[in-house]
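Below is one structure; the comments refer to it alone.
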Amino acid sequence: MSDVKQSTAMKDPMIRWLWRGYLRAYRLPLVIAVLLMATEGIALGGLSYMIKPMFDTAFAGGSTAAIFGVAAMVAGIFVVRAISAFGHKTLMVHVGQRVAARLQSNMVTHMLTLDSNYFRDNSPGTLMERVRGDAQAIATIWEVVLSAVARDVVSLLALLGVAFWIDWVWVLIAVAAAPILTIPVGILQKRVRRTTTDSRASAAQISTRLDEIFHGINQIKLAGAETRERGRVENEIDTFASTHLKSQISQAGIVALIDIIAAIGFFGVLFYGGLQIVAGEKTVGEFMSFFTAMALVFDPMRNLGRVSGAWQAALASLERIRDVFNTRATILSPATPKRLSGPAQNADIVLSNVQFSYGDTPVLKGASFTANAGQTTALVGASGAGKSTVFNLLTRLSDAGKGSITIGGTNITDLPLDQLRALYSVVSQEALLFDETLRDNILMGRDNVSDTSLNHALKTAHVADFLPQLEQGIDTPAGPRGSNLSGGQKQRVAIARAVLRDAPVLLLDEATSALDAKSEKLVQDALDQLSEGRTTLVIAHRLSTIQAADKIVVMDHGKVVDQGTHDELLARGGIYAQLHALQFKDSGPTAEEKALGNSRTIASPPGAKKFDLRRFSLKRLFGFGRNEEHK
């Protein structure tokens, strides 16, 4: 009983929400559609009514005029039904698709406001199924529900009216077994709701699995994992088919129960009514009219039974959609925002005792350092040290649990989100490109960029070097995730995007680690030009790329354990010197080091702690056996 009350309580707010937010704007076409549906339902009652004069007056009386009149009336009823059905079908499809489009648009808009954690906790397939599958299910079912309410209910009432007019006793006999339906139909409705929810979840898993396969197709082929992936997809499809089948069987069961009740009712009417006709108490016309009405009654009853199951399925989708809208972002702009006290180009970035955890896993444990304005600050350390987490906190993709981060003395949580993120240009290891042209990937929706500014960005990032090789130049499609470009070309496009953004703070996250030597040189040259005059923070594992940094911050297990210049850190002989020695112990000093005079690749400087590779822990250095660094 409590389940029923809870279900009812949930339905009403959702229906009101759907009406007020989406359907109310289409009141006029909905009213017209309802009237047309009602007309179609009334016409069905009129058709059953015409059966009596057809038999008793036209056929029994042998009147040609009566036959013509009845035929014309029946034909007219069918024409009215045809026009009404076409009209309401067209209107409902229009409204349904408009509602689905608006639902999908609003869902995407709302999702874009949610925290990054939401997308970490929900797979792309799950979110795509909610935006596409659930929204479309709502649009489709609404037409079915309104048709049931406006057309089938009216048809039911009209046909029962005709049947009662002929003989109310026959009606009672026909529907006497109907109360038996109450309990089994209720059970089947709950089953439909539950299995539909499961099938939606399975559909989301299929979408996720396909997304992973299509984006990782090369890795799958190289690993010879086609059989494994086919098996995983088949399992997901089998699960979906099983749950969907259960939902459809339950819906079909509701209709089948109605047909069984119809069988019992018709048996009683045919037996009882047949005896009355034999006795001369009723005419054949009366019986045929009643029989037609009752036969037609069970068609809208079946539709209503089918709709009751379909509506339970729709409620499952509606609940999933409401879950999305009920999710609220926790990282928001402040109610009373502040401004930077001075130009962002002159603002130091200061982390003071910053602590942060992913769930119960601590990542930063009191990290503190300063990135001076206009200088380059590099973050180094083993995987899991918290370097990328620092970037997420700077841009407020996540918020620190304790401590503070300030820019020019202003806490970043006091700045409007859009203004804070406008301070940064980001170039990461994986250049994220969209399946659009290079121009679109660089402009990123900006329509006020001059050709001079665009050309400057292309030259600075060395994109102009490879554009002549492309058939359509800057209007060449990048392909899904930039698949039409090489790794170096993708990175240069991402740098051109950053150049055009012209933000005062530059964040570089392993921007050259995945490139060959030639591409790295070009990309590094572009990054050097981009970082001029900007406050730059760099995450790097290859120490050769950050030796000239103004400051190097060494992180270990979520803490800042050392900081200084390249020479200072080598002289102190700590973790940085160990990292440096391990990276260059086989190759000797690099050309860059020779040019800089840093030939102390392996040998420790005077006064430094002696470095013993036998005692050095690879687990400590690279974090083997620990969780990968959260990004």
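Only the coordinates and a few stated rules stand behind these numbers; no lab work does. All values derive from a computational prediction rather than experimental measurement. Positions of Cβ are backbone-derived with ideal geometry, glycine not excepted, and every protein chain shown enters the neighbour counts.
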Could you size up the charge dipole of the range 10-326 around its Cα centre, putting +1 on the beta carbon of Lys and Arg and -1 on that of Asp and Glu, and report it in debye to the nearest 20? 720 debye
By Cβ neighbour count within 10 Å, fewest first, V95, V162 rank V95, V162
Pull up all non-local amide H partners of D556: gap of 5 or more, or a different chain, and H-to-H distance under 5 Å with H placed in the peptide plane. V561
Just rank D451, D567, fewest to most, by other beta-carbon atoms within 10 angstrom. D451, D567
Which semi-axes, in whole Å and largest first, does the equivalent ellipsoid of the range 10-326 have when worked out from the alpha carbon gyration tensor as the square roots of 5 times its eigenvalues? 49, 23, 17
Relative contact order of the range 10-326, defined on C-alpha pairs under 8 angstrom at six or more residues apart (%): 31 percent
The exposure ranking of V493, V108, fewest beta-carbon neighbours within 10 Å first, is V108, V493
Pairs K338/K402; K402/K551; K387/K518; K338/K387; K402/K490; K387/K459: which exceed 29 Å Cα-Cα? K402/K490; K387/K459
List nothing, just return the count: lysine pairs in the range 10-326, 8 or more apart or interchain, with Cα separation under 30 Å. 7
